[in-house]
Amino acid sequence: WPNKSIFPFYSLLMMAHIPTDVIFDETITRYGLDNYDVLILHQAEVLTQSVYNKILEFKKRGGIVIADKYLGADIPVDYRIKFNLNHRKKQLADLVLEGKGVTADEDRNLMTKYSKQLRHALGNKIKRYIDSPSTEVVFNVLENGPVRYVFMINDKRTYGGRFGQWKTMHTKGVEQTVEASLHYEGEKAPVIYDVRTHTIVSTMKEDGVYKFTRKLAPADGTILCVYPAPISKIKIDVPAIVERGTKASIHITVLDSEGKSYGTQPLHIRVTAVGDTNTPYTDFYATNNGKFKLNIIPALNDSTGIWRVKVTDLTSGLVSFKEFKVR
């Protein structure tokens, strides 16, 4: 299917931990290629004139072009892909039974070999913020200011009960312990939080990178938040007295050990009335640059007395409290 034609090669890039965007003719024509270091022309038999010109400009400024045998345009290529992914068309049960097909194990072995060839060809030309010797873990990185959010997904699989007899698909997740390395350029060592456990990940600096391991459950993963300094305080500001029927704001700031706020912190905010009863404002929220404002309006028939705010930072597990009076 044409809309899936790039999927096998995209899978190779994920296995090689090469951060990748899928871009189209219109993207290149409108925005150019200034934000990219490498351009992969996979099954790009025909190019428009405008895209061709943009690619030549990309080459002149030192961009790397990778292409397969289908490229028809006269473009200087830095690396010509020689491996063939057509074996994936033979992952069919009837062909496997006839001895003419490709099993899921054979496909995995071929894809692993091709991903290593790709890594070798690119060498140190690709900057990987996060990397691993395992080809069966998938990474994705988001950023907000100085904070990076690394999504780690366990892609290690084996034959399951449904398709195992045909050996055409791996559908059962397998637990694995992933060795990973973080390329962090800050002056101080980064502080890495595992959001799933709200704990700091232990690292060891080696050859200029920070190495660590994470144990990932079958078909599972985790999110790592990389900070320049540890989260040390949750500051809550709220008026001492709030009149029923009037609006008040609860200001929350998540601060690091240097008193700075940044990033997108997931929070659980529990606002309770007299008797420790939850109010409608109890929910999950997220900060913007480390700050969040929650507006509340105690109803005219709400109980008067001491209300309480409990804020839990779901990155570090840090908890803070504040009380105010409703009258």
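The values are calculated or read from the model by the stated rules, or taken from the named source; none is laboratory data. Treat the numbers as computed from the prediction; the structure is a model and nothing was measured. Positions of Cβ are generated from backbone atoms using ideal geometry, with glycine treated the same way; all protein chains shown enter the neighbour counts. For accessibility, only protein heavy atoms count, side chains too; no ligands or nucleic acids. Shrake-Rupley method; radii C 1.70, N 1.55, O 1.52, S 1.80 Å.
The figures follow:
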| quantity | calculated |
| --- | --- |
| Reachable lysines, given that their alpha-carbon falls under 25 Å from the alpha-carbon of K247 and they are not under 8 places away in the same chain | K235, K291, K293, K310, K322, K325 |
| Apportionment of accessible area to carbon and sulfur, segment 30-109, percent (1.4 Å) | 45 percent |
| Helix 49-60 axis, angle to the chain major axis (alpha carbon atoms, nearest 10°) | 80 degrees |
| Electrostatic dipole magnitude of segment 53-126 [Cβ: Lys, Arg +1; Asp, Glu -1; Cα centre; debye, to 20] | 380 debye |
| Entry for Rg and Dmax of the Cα atoms in Å (calculated from the structure that is shown) out of (i) 21.5, 66; (ii) 18.8, 52; (iii) 25.9, 80 | (iii) |
| Candidate lysines - alpha carbon under 23 Å from K116, same-chain residues fewer than 8 apart omitted | K4, K69, K82, K89, K90, K125, K127, K156, K211 |
| Semi-axis lengths (Å, descending) of the ellipsoid that matches the C-alpha gyration tensor of segment 217-271 | 31, 18, 7 |
| Three-way shape call for segment 108-196 based on the alpha-carbon gyration tensor, with the a/c threshold at 1.5 | oblate |
| Solvent-accessible area of F284 with every protein chain in place, 1.4 Å probe, in Å² to the nearest 10 | 140 Å² |
| Area of F292 that stays accessible when all protein chains are in place (1.4 Å probe, Å², to 10) | 40 Å² |
| Lys/Arg +1, Asp/Glu -1 at C-beta; the chain dipole; positive extreme among M14, Q176, I81 | Q176 |
| Dipole axis of segment 180-293 (+1 Lys, Arg; -1 Asp, Glu on Cβ), positive-most option in I241, T222, T264 | I241 |
| Average accessible area per residue (Å²) across the chain - probe 1.4 Å, nucleic acids and ligands excluded | 57 Å² |
| Inter-site label distance for N140 and I200 at 7 Å from Cα along Cβ, in nm | 2.9 nm |
| Efficiency of FRET from Cβ geometry, I153 and Q43, R₀ 30 Å, rounded to 0.05 | 0.70 |
| Gain upon complete extension [K116, D207; 0.36 nm per residue less C-alpha separation] | 30.7 nm |
| Approximate spin-label separation Y10-A240, in nm, with each point projected 7 Å along Cα-to-Cβ | 5.9 nm |
| Formal net charge of residues neighbouring P298 (Cβ-Cβ distance under 10 Å; K, R +1; D, E -1) | +1 |
| Between helix 104-122 and the chain: long-axis angle, C-alpha atoms, 0 to 90°, nearest 10 | 90 degrees |
| Label-point separation in nm, K310 to D34, each point 7 Å along Cα→Cβ | 5.1 nm |
| Theoretical FRET efficiency, 1/(1+(r/R0)^6), r = Cβ-Cβ of R80 and S257, R0 45 Å, to 0.05 | 0.35 |
| Expected 222 nm ellipticity per residue - DSSP helices of 4 or more, -39500 (n - 2.57), all of the chain, to 500 | -4500 deg cm²/dmol |
| For the chain, size of Cβ-based charge dipole, Lys and Arg +1, Asp and Glu -1, in debye | 240 debye |
